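One structure is given here, and the rest of the page talks about it.
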Amino acid sequence: MPVRVVLPADPLLGHPEQEVVARLWRRRQTRAGWVYLVGLPSYRDLEDGGVEAAEYRVWVRAPEHVRPVDGVDYDQVPTEPLPPKSSVREVLGERRPSGWVLARVREGRGRARGVLHAPNCEEAPEGAPLLDVQRALDAAENPGTRLCTLCGCAQELTPMLRGFDHIGDS
């Protein structure tokens with residue numbers, strides 16, 4: 001589909017803002033607004049020293065850098081709108097990665113101790129295997145394992161270990 005692309009002014013060369021007709025390939029809605037993938041007409045050098053027509057593709061902001069061509073129907077352009085906002089996500093915020101990781105800690109000679117963390121916790125070891133809920137609960141039942149309070153691991157797993165009735169207890 002043809003579309004008009006606004007090229008920036010060049011004060012050094014004394015050129016004003018210009019419009020060229022380009023090809024609209026797709027459009028995408030982002031949190032900052034719409035961007036359009038346009039193909040601008042250009043030239044490219046050939047190995048034998050010749051020149052041929054080419055197309056330079058670039059994402060540009062709309063409507064600042066793109067204008068419609070009169071009489072063109074843009075309904076067939078592939079369009080990626082933002083997914084609908086989830087009211088649950090708005091209230092709770094972004095979800096953390098699922099699972100838990102175990103940081104092993106050795107203190108002297110005895111048994112190895114550990115700390116369970118959410119995978120995105122600042123204290124979580126990099127590259128540690130991701131534990132599902134059952135393996136995390138098994139690790140949490142070990143007397144030498146602590147549950148991190150920094151990342152919320154303790155708040156998530158304690159009710160599953162001790163039941164939900166203790167939540168009201170202080």
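Does the range 1-25 hold any residues that are open to solvent by 60 Å² or more (accessible area, probe 1.4 Å) and either closer than 22 Å to A54 by Cβ or among the hydroxyl-bearing types (S, T, Y) (or both), and which are they?
M1, R4, P8, H15, Q18, E19, V21, R23, W25
Kindly indicate which of G93, G163 is at pLDDT below 90, open to solvent by less than 50 Å² (accessible area, probe 1.4 Å), under 30 Å from R28 (Cβ atoms) and not β-branched (V, I, T).
Details: G163 fails: under 30 Å from R28 (Cβ atoms).
Going through G93, G163 in turn, the sole match is G93.
Out of E123, E156, which single residue is farther than 18 Å from V105 by Cα and either in contact with a His (Cβ under 8 Å, 6 or more places away or on another chain) or open to solvent by 30 Å² or more (accessible area, probe 1.4 Å) (or both)?
On the way: E123 fails: farther than 18 Å from V105 by Cα.
None of the other options fit; the residue is E156.
Residues checked against (1) of a type in the set (A, V, I, L, M, F, W, C); (2) touching a residue at least 24 places away in the same chain (Cβ under 8 Å):
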residue: M1; (1), (2): yes, yes
residue: P16; (1), (2): no, no
residue: R44; (1), (2): no, no
residue: G49; (1), (2): no, no
residue: A53; (1), (2): yes, no
residue: T79; (1), (2): no, yes
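Just one of the numbered conditions (1) surrounded by 14 or more Cβ atoms within 10 Å (Cβ to Cβ); (2) within 13 Å of V3 (Cα to Cα) is not true of W34; which one?
Among (1) surrounded by 14 or more Cβ atoms within 10 Å (Cβ to Cβ); (2) within 13 Å of V3 (Cα to Cα), the lone unmet condition for W34 is (2).
Which residues, taken from the range 57-71, are in contact with a Lys or Arg (Cβ under 8 Å, 6 or more places away or on another chain) and among the charged types (D, E, K, R)?
R67, the sole residue that qualifies.
Here is a yes/no grid of residues against (1) at pLDDT below 90; (2) under 30 Å from L40 (Cβ atoms); (3) exposed (fewer than 13 other Cβ atoms within 10 Å of the Cβ):
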residue	(1), (2), (3)
E55	no, yes, no
A62	no, yes, no
R67	no, yes, no
E80	no, yes, yes
S86	yes, no, yes
G99	yes, no, no
G108	yes, no, yes
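Let's see how each residue does on (1) under 21 Å from D75 (Cα atoms); (2) out of contact with any Gly (no Cβ under 8 Å at 6 or more places or on another chain); (3) assigned to a strand (DSSP E or B):
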position	(1), (2), (3)
E19	no, yes, yes
R28	yes, yes, yes
V35	yes, yes, yes
G39	yes, yes, yes
G49	no, yes, no
W59	yes, yes, yes
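The values are calculated or read from the model by the stated rules, or taken from the named source; none is laboratory data. All values derive from a computational prediction rather than experimental measurement. Every residue, glycine among them, receives a Cβ derived from its backbone with ideal geometry; neighbour counts consider all protein chains shown. In case anyone asks, the SASA skips ligands and DNA or RNA and just uses the protein heavy atoms, side chains included. Shrake-Rupley method; radii C 1.70, N 1.55, O 1.52, S 1.80 Å.
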